[in-house]
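All remarks here apply to the structure that follows.
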């Protein structure tokens with residue numbers, strides 16, 4: 001998913017996972033997104049810190065078209081539930 005977003009592909013393969021679905025609007029939508037990456041100076045956590053930094057580097061390449069939305073997908077879904 002991150003690779004497809006950072007390369008600007010037309011189709012983004014969002015997986016059916018709650019975290020991915022939660023991030024879908026932020027990473028691939030029209031929002032401006034801020035990401036924090038925690039790394040450790042300890043040698044014990046070196047590989048995990050490197051993986052986090054590599055992930056953050058890929059995420060940094062994602063370019064969104066920021067615009068104001070009148071309704072989010074969550075709002076539309078809630079309105080549909082209320083109407084049903």
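Where residues in segment 21-37 are loosely packed, with under 10 Cβ neighbours inside 10 Å and modelled with pLDDT of 75 or more, which of them is nearest to residue 10 (Cα to Cα)? That would be 34. Total residues in segment 38-68 satisfying the condition of being free of Cβ contacts under 8 Å to residues at least 24 places away in the same chain, surrounded by 13 or more Cβ atoms within 10 Å (Cβ to Cβ) and part of a loop (DSSP other than H, G, I, E, B): the figure is 1.
Here is a check on your reading of the model: is residue 6 at pLDDT below 75, in contact with a helix residue (DSSP H, G or I) (Cβ under 8 Å, 6 or more places away or on another chain) and in a helix (DSSP H, G or I)? So residue 6 fits the description; yes.
The values are calculated or read from the model by the stated rules, or taken from the named source; none is laboratory data. No experiment lies behind these values; they were computed from the predicted model shown. All Cβ positions, glycine included, derive from the backbone under ideal geometry; neighbour counts span all protein chains shown.
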